There are 2 protein chains.
Amino acid sequence: MKVFESVEEWRKHRAGLPRNLSLGFVPTMGYLHEGHLSLVRAARQNNDRIAVSIYVNPTQFGPNEDLAQYPRDRNRDLALLEKENTDWVLLPSDAEIYPPGFSTYVEPPEPSRLWCGQSRPVHFRGVCTVVTILFNLVQPTRAYFGRKDAQQAAVIRRMTQDLRFPVEIVVCPTIREPDGLAMSSRNVYLSPEERQRALVLSQTLAAGVERFRAGEREARVILESGTRQIANTPGVRLDYLGIVDQNTFAPVETVQPGNYMIGAVYVGKTRLIDNRVFESPGGCV
Amino acid sequence: MKVFESVEEWRKHRAGLPRNLSLGFVPTMGYLHEGHLSLVRAARQNNDRIAVSIYVNPTQFGPNEDLAQYPRDRNRDLALLEKENTDWVLLPSDAEIYPPGFSTYVEPPEPSRLWCGQSRPVHFRGVCTVVTILFNLVQPTRAYFGRKDAQQAAVIRRMTQDLRFPVEIVVCPTIREPDGLAMSSRNVYLSPEERQRALVLSQTLAAGVERFRAGEREARVILESGTRQIANTPGVRLDYLGIVDQNTFAPVETVQPGNYMIGAVYVGKTRLIDNRVFESPGGCV
C-alpha cells in the first residue's frame with residue numbers, strides 16, 4: 001500500500017498508469033468503520049487497482065457544524081486499509097485542495113434542494129466541489145458511495161451524469177450495528193444514553209417500511225405516525241422525515257417500490273441521518 | 001476528418017484511444033474565422049490528434065442576448081476545418097448537453113466577477129459549465145482559447161486549476177482585421193457604417209498601450225482619456241473600460257507590464273469586446 005501525502009506526487013503517479021487499468025475509488029472523510037470498509041471491498045472485487053482518499057472537506061461543513069470536532073485517527077485508518085489490500089491512499093491537505101485564490105464551486109443539482117440541502121445550506125455545494133476535484137485527481141473507472149447518505153448519492157449521480165464525468169457511480173448498502181443503528185463516524189459523539197435513544201431513527205424508518213409492506217400507500221399517513229414516534233422520544237429532536245423519489249429526492253404522495261423513507265434527527269447535539277427503501281413484495285425495487 | 005453528431009458515439013470513440021496519444025481541443029461556437037483557425041493550427045502543431053467542437057451554448061446567453069441570431073454556417077465551418085487537417089469534429093445537440101433534469105452548474109471563479117461578468121450575469125456560469133462538460137467528454141491533453149476573450153481565458157484557467165482538470169490551457173494571440181478590429185463572429189452583425197465606428201474600441205486600447213509606452217503609469221489617466229475617445233464616437237456606447245491584473249481581473253491603480261487594458265462597447269445593438277496587453281520596453285510581459 002502506497003500512501004500519497006502530496007497531491008502533486010499522486011498526479012505524477014496517476015499520469016503514468018496504463019489506460020486499460022480499471023481503478024476503483026472510495027472517497028472518505030476517514031475515521032473508517034465497517035460501512036467504509038464494505039465500499040473498499042466492493043471496489044477491490046471489481047477493479048484492477050483501488051484508491052481511497054481520506055480528507056475532511058471543510059467546504060461541506062456549515063459555520064456552526066462539527067468540522068473542528070470531526071473524529072480523526074489516521075494511523076488506525078491506514079492499518080484498516082492495509083488489511084483490505086488497498087493499493088493507494090490519498091491524504092490531501094487543505095492547502096492543496098483549497099489554495100489561495102480558490103473560488104470555483106460546483107452548484108449541486110436538483111436532488112440537493114430539500115432535506116439535508118435545507119438543513120445544511122452549503123453542504124452539497126462542498127460535496128460536489130470536492131468530489132469534482134477528487135474525480136479529476138484520481139480519474140477513477142468507478143467511484144463507491146454508501147446508501148446511508150442516499151441524498152448525497154443521488155446528488156453525485158446526477159452531477160456525474162450532467163457534467164459527463166467518465167466515472168461509474170456505485171452505491172452500496174447501508175451497514176448497521178446489530179441493533180439497527182446505521183454506522184456513521186459521528187456515532188462516536190453519542191453518550192451511552194444518547195446511543196440508546198438514537199435507535200428511534202432506524203426504528204421509525206423500519207416501521208414505515210413495515211406499514212408499506214402491510215398495504216399503506218399514503219406517504220402522509222406513514223410520515224405522521226413516524227413523526228409522532230420521534231416526538232415521543234425524549235432527548236431526540238426531528239430535523240426532517242420524508243418519503244421521496246429515489247432519483248430527484250422530491251417528496252411523493254403515493255408510495256411506490258423504490259421510493260426512500262429518509263430521516264434526520266438531533267440526538268443531543270449530534271445530527272444523524274438514515275433511510276430505508278420501500279421494497280416490492282418480491283424484495284425487488 | 002470524422003464528424004460526430006452524437007455525443008455517445010464520440011464517447012465510445014474516445015474510450016478506445018490510446019492513453020499516450022496527445023489530444024488538442026478547440027471548443028468553438030462555430031461561424032469560424034481566422035481567430036478560430038489560428039487556434040486549430042496551434043493545436044495541430046503540438047498534438048498527435050485534434051478535436052474541434054462546434055456548439056452554440058445556450059446557458060452562456062442571457063435572456064435578452066443574441067442566442068437566436070447568433071450566426072451559424074455548419075457546411076462552411078466543416079470545409080474550413082477539413083482544410084486544417086482536423087481529425088475530429090463534435091457537433092453536440094442541446095438535447096444531449098442539457099437533457100431533461102439537467103441542473104448542475106459550475107459557479108465561476110473570482111476573475112469572473114467584474115466586467116463581462118457584470119454586464120452578462122449568467123455568461124461565465126454557462127461558459128464554465130459547458131467547458132467542464134466538454135473537458136469531460138473530450139478529455140484533451142491541451143485546450144486552446146483566444147486572447148480576444150481574455151477574461152474568459154482567465155476564468156477557465158482558474159477553473160481548471162481549482163477543479164484540477166488534467167488539461168493544459170493554451171491561450172493564443174488575438175487575430176485582427178488589417179485595420180485593427182479584433183476578429184469576432186459577431187462582426188457580421190455590423191452595417192458598413194457600424195463596422196467603421198467599431199474601430200474606436202481597438203484604437204482606444206492601442207492608444208492606452210501607447211500612453212503606457214510613453215511613460216504613463218496611472219490607470220485612471222489612461223482610462224479617462226479612453227472613455228472620452230469612445231464617448232466622442234457617435235453610435236457607440238461604452239459598456240466598460242478597465243485596466244486589470246491578468247490573472248484576477250481585478251482593477252489596478254498603477255499599470256504594470258502584463259496588465260490588460262480591456263473594453264466592451266455597443267455599436268448599435270452589437271456588443272463587441274477587445275483587449276491589449278501592456279508590454280515592458282523589451283516586448284516581454
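Please treat every number below as a calculation from the coordinates, not as lab data. Predicted, not measured: the structure shown is a model, and the values here were computed from it. Cβ placement follows ideal geometry from the backbone for every residue including glycine, while neighbour counts extend to all protein chains displayed.
Computed quantities for the displayed model
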{"read-out": "Across the identical copies, how the A:Gly235 labels are spaced - nm, sorted shortest first, 7 Å along Cα→Cβ", "value": "8.1"}
{"read-out": "Chain B: angle of helix B:219-231 to the longest principal axis, Cα-based, in degrees nearest 10", "value": "90 degrees"}
{"read-out": "Length-normalised contact order of chain B in % [C-alpha pairs under 8 Å, at least 6 apart]", "value": "17 percent"}
{"read-out": "Integer Hz, Karplus 6.51/-1.76/1.60 couplings in order for the range A:201-208, x for Gly and Pro", "value": "5, 5, 5, 4, 5, 5, 5, x"}
{"read-out": "Of all DSSP beta bridges in the protein assembly as shown, antiparallel share, percent nearest 5", "value": "50 percent"}
{"read-out": "Whole-Hz ³J(HN,Hα) from phi, Karplus 6.51 cos²θ - 1.76 cosθ + 1.60, for the range A:81-87, glycine and proline x", "value": "5, 4, 5, 8, 6, 5, 7"}
{"read-out": "FRET efficiency for A:Met1 and A:Asp179, using Cβ-Cβ distance with R0 set to 45 Å, rounded to 0.05", "value": "0.85"}
{"read-out": "Other copies of A:Ser191: label-to-label distances in nm, shortest first, labels 7 Å along the beta-carbon direction", "value": "8.1"}
{"read-out": "Estimated vicinal HN-Hα couplings, Hz - the range A:73-80 in sequence order (Karplus 6.51, -1.76, 1.60; Gly, Pro = x)", "value": "7, 4, 5, 5, 4, 5, 5, 5"}
{"read-out": "Distance between modelled label sites at A:Asp48 and B:Asp48, nm, 7 Å Cα→Cβ extension", "value": "1.6 nm"}
{"read-out": "Contact order relative to length of the range B:2-172, as percent, for alpha carbon pairs under 8 angstrom and 6 or more apart", "value": "30 percent"}
{"read-out": "Spin-label model distance (nm) - B:Lys12 vs B:His33, 7 Å beyond Cα toward Cβ", "value": "3.9 nm"}
{"read-out": "Amide H contacts of A:Asp239 (H built 1.01 Å from N, under 5 Å, at least 5 apart or other chain)", "value": "A:Ala264, A:Val265, A:Tyr266"}
{"read-out": "Using a 7 Å Cα-to-Cβ projection, B:Asn20 label spacings across copies, nm, ascending", "value": "1.4"}
{"read-out": "Chain B Cβ-axis minimum, rotational copy A, residue and distance in Å", "value": "B:Arg19, 2"}
{"read-out": "Those lysines that a straight Cα-Cα span of less than 27 Å connects to A:Lys83, excepting residues fewer than 8 apart in one chain", "value": "A:Lys2, A:Lys12, A:Lys148"}
{"read-out": "C-alpha long axis of helix B:34-46 to longest principal axis of chain B, angle in °", "value": "60 degrees"}
{"read-out": "Gain in span if fully extended, A:Val122 to A:Thr254, counting 0.36 nm per residue against the direct Cα distance", "value": "44.5 nm"}
{"read-out": "Residue-averaged beta-carbon neighbours from other chains (10 angstrom radius) around A:97-104", "value": "6"}
{"read-out": "MRE, 222 nm, helices only [DSSP H, n ≥ 4, -39500 (n - 2.57), over chain B, to nearest 500]", "value": "-11000 deg cm²/dmol"}
{"read-out": "Estimated dipole of the protein assembly as shown in Debye, rounded to 20 [Cβ of Lys and Arg +1, of Asp and Glu -1, Cα centre]", "value": "380 debye"}
{"read-out": "Translational diffusion coefficient (Stokes-Einstein; Kirkwood radius from C-alpha pairs) of the protein assembly as shown at 4 °C, 1.567 mPa s, in µm²/s", "value": "49 µm²/s"}
{"read-out": "Long-range amide H partners of B:Met29 with built H, under 5 Å", "value": "B:Tyr55"}
{"read-out": "Rg/Rh (Cα only; Kirkwood hydrodynamic radius) as it applies to chain B", "value": "0.97"}
